[in-house]
Ligand SMILES: *Cc1c(COP(=O)(O)O)cnc(C)c1O
């Protein structure tokens, strides 16, 4: 399998190269050259298999020659050994036809661990074999950062620098990033919002001199390997509910469009996915795009589901690439317009195709809190605010259709204790492995939202 850029002007890469590179040199994102197909028989055969086995079979066609079967199976086994559920991602019914897919049993209590734990293993295999060292830089609205730090702490082949918006992540999220003691992981608090952090990461990738000096690599949601690892749980959950014989819909709390794009990829591979429901909070660029056909930036509004407080959804570019018949030049033009004029309009054909697969719903802060309260009242489940945005969307869009709908439970409620307690009166406790989080000393650098300052800091502190 080879990987091509959404903007059509970057070198074609192997899986290993695309994984280690992250962002393409023409500013685009890497996409598989074609979608591998799984037959109905192959999908049916996944029923009852352990998560690791499904992961192996779903991802194998994308990996090419990058790893031997033994290496790849070993990496998968190590990645998920630390999850606190043997199912890895248990599926829980909460109402007739409605399910939660619990993706938060990894070390940092959010779904980002599912991909990041595997990426840590794959990076380490590839870099150690090549005798190389890289500097991983990532922007986070809260959960990617801790997941990356947790996946790479102590590995000798990498330094990790995570940029997060100063004062705009929850205390648990911040402490997960600032308390690890290993010297190869570094938290940077940027005076700005998440989009500023993401823009500085993109700037660093476009500064080729800096990029080559430090051996820059990315693991945030623009990294293809991350999207790929997330396709797996769409398969495990759909198969548990009767795929390939029965279709399933998914409601996905969405920020950067990574998780829901993984659902789209699973569908392209042959999984019978009926609807993909984009669930947004107040930061609703994707919901507005589906309604109006115009992708237009607005300011970022802080919310009680902070991991979705974004203005631009980076991975939407991957979908655009397919909606624009894989014409890199057309995608590049749209992205130029976004940068220059703050938005662009989808051509009618692309919009029709978007609407043919995706629905959307937006949850206000009140609706999010009300959903947390209703879930607790009806069956005693305490859910996080992001998950609540998804449950709200499943109710609003999906209603009482007979096809089952799975909402991705993207984080553990204990990551957002204040919002959860305010909504339902229950203060969720941290699991035992994190019980002393509030006592651990913190280590963080606060910096201005300025490229040169951040680049200098990275050059000077890498080990
Ligand atoms: C990152 C995150 C999201 C959004 O996921 P995307 O892949 O960026 O769309 C939703 N919920 C939680 C808890 C997250 O950490």
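List the number of the failed condition for residue 301; all other conditions in (1) more than 18 Å from the chain's Cα centre (by Cα); (2) crowded, with 17+ Cβ neighbours inside 10 Å hold.
Result: residue 301 passes all but (2).
List the number of the failed condition for residue 10; all other conditions in (1) within 16 Å of residue 326 (Cβ to Cβ); (2) over 22 Å from the mean Cα position of the chain (by Cα); (3) outside any loop (DSSP other than H, G, I, E, B) hold.
For residue 10, the exception is condition (3).
Within the group 154, 138, which residue is at pLDDT below 95 and either assigned to a loop (DSSP other than H, G, I, E, B) or away from the ligand (no atom under 16 Å from the Cβ) (or both)?
Numbers: 138 fails: either assigned to a loop (DSSP other than H, G, I, E, B) or away from the ligand (no atom under 16 Å from the Cβ) (or both).
Matching residue, one of 154, 138: 154.
For segment 435-446, indicate whether the set of residues that are assigned to a helix (DSSP H, G or I) and more than 14 Å from residue 173 (Cβ to Cβ) is non-empty. Spell out the reasoning first.
From segment 435-446, those assigned to a helix (DSSP H, G or I) are 437-439; that's our starting set.
This time we only want the ones that are more than 14 Å from residue 173 (Cβ to Cβ), so: 439.
So far as segment 435-446 goes, yes, one or more of its residues are assigned to a helix (DSSP H, G or I) and more than 14 Å from residue 173 (Cβ to Cβ).
Of all residues in segment 54-67, how many are free of Cβ contacts under 8 Å to residues at least 60 places away in the same chain and within 16 Å of residue 19 (Cα to Cα)? Walk me through how you get there before you give the answer.
Looking only at segment 54-67, we keep the residues that are free of Cβ contacts under 8 Å to residues at least 60 places away in the same chain, and these are 56-57, 60, 65, 67.
Among the residues that remain, those that are also within 16 Å of residue 19 (Cα to Cα) are: 60, 65, 67.
Within segment 54-67, residues that are free of Cβ contacts under 8 Å to residues at least 60 places away in the same chain and within 16 Å of residue 19 (Cα to Cα) number 3.
What is the one condition in (1) loosely packed, with under 15 Cβ neighbours inside 10 Å; (2) touching a helix residue (DSSP H, G or I) at 6+ places or on another chain (Cβ under 9 Å) that residue 340 does not satisfy?
Tallying (1) loosely packed, with under 15 Cβ neighbours inside 10 Å; (2) touching a helix residue (DSSP H, G or I) at 6+ places or on another chain (Cβ under 9 Å), residue 340 fails exactly one: (2).
Evaluate segment 178-191: report whether one residue or more is under 22 Å from the mean Cα position of the chain (by Cα), over 21 Å from residue 305 (Cα atoms) and modelled with pLDDT under 90.
no
When segment 109-133 is examined, which residues are found to be over 21 Å from residue 254 (Cα atoms), crowded, with 24+ Cβ neighbours inside 10 Å and either out of contact with any helix residue (DSSP H, G or I) (no Cβ under 6 Å at 6 or more places or on another chain) or free of Cβ contacts under 8 Å to residues at least 12 places away in the same chain (or both)?
Matches in segment 109-133: 123 only.
With the checklist (1) in a helix (DSSP H, G or I); (2) more than 15 Å from the ligand (Cβ to nearest atom); (3) farther than 30 Å from residue 190 by Cα in hand, flag the one item residue 403 doesn't pass.
(1)
Would you call residue 213 under 30 Å from residue 99 (Cα atoms) and in contact (Cβ under 8 Å) with a residue 12 or more places away in the chain? Give the steps one after another, and end with the answer.
Working: under 30 Å from residue 99 (Cα atoms): no; in contact (Cβ under 8 Å) with a residue 12 or more places away in the chain: yes.
The answer is no for residue 213.
Table: residues versus (1) touching a residue at least 24 places away in the same chain (Cβ under 8 Å); (2) surrounded by fewer than 24 Cβ atoms within 10 Å (Cβ to Cβ); (3) more than 30 Å from residue 91 (Cβ to Cβ).
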site: 177; (1), (2), (3): yes, no, no
site: 189; (1), (2), (3): yes, yes, yes
site: 240; (1), (2), (3): yes, yes, no
site: 255; (1), (2), (3): yes, no, no
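Please determine, by comparing only the residues of segment 157-174 that are out of contact with any helix residue (DSSP H, G or I) (no Cβ under 7 Å at 6 or more places or on another chain) and farther than 20 Å from residue 434 by Cβ, which one is farthest from the ligand (Cβ to nearest atom).
Of all residues in segment 157-174, those out of contact with any helix residue (DSSP H, G or I) (no Cβ under 7 Å at 6 or more places or on another chain) come to 159, 166-167, 171, 174.
Filter again for farther than 20 Å from residue 434 by Cβ, leaving 159, 166-167.
Working: 159: 23, 166: 18, 167: 18 Å.
My answer is 159.
Within segment 95-119, can you find the residues that are over 16 Å from residue 141 (Cα atoms), within 11 Å of the ligand (Cβ to nearest atom) and not in a helix (DSSP H, G or I)?
103, 104
Contact list please: Cβ distance under 7 Å, first residue in segment 429-443 and without any contact (Cβ under 8 Å) to a residue 24 or more places away in the chain, second residue surrounded by 10 or more Cβ atoms within 10 Å (Cβ to Cβ) and not in a loop (DSSP other than H, G, I, E, B), pairs at least six apart or on different chains.
429/414
If you take the residues in segment 210-253 that are part of a loop (DSSP other than H, G, I, E, B) and touching a strand residue (DSSP E or B) at 6+ places or on another chain (Cβ under 8 Å), which one is modelled with the lowest pLDDT?
Initial filter on segment 210-253 (part of a loop (DSSP other than H, G, I, E, B)): 215, 218-223, 241-247.
In the following step, the residues that additionally are touching a strand residue (DSSP E or B) at 6+ places or on another chain (Cβ under 8 Å) were identified as 215, 218-220, 222, 241-242, 247.
Values: 215: 93, 218: 81, 219: 81, 220: 73, 222: 84, 241: 97, 242: 97, 247: 96.
Top of the filtered list is 220.
The values are calculated or read from the model by the stated rules, or taken from the named source; none is laboratory data. A quick note: this is a predicted structure, and the numbers were derived from the prediction, not measured. Here Cβ is always computed from backbone atoms with ideal geometry, including for glycine, and neighbour counts include all displayed protein chains.
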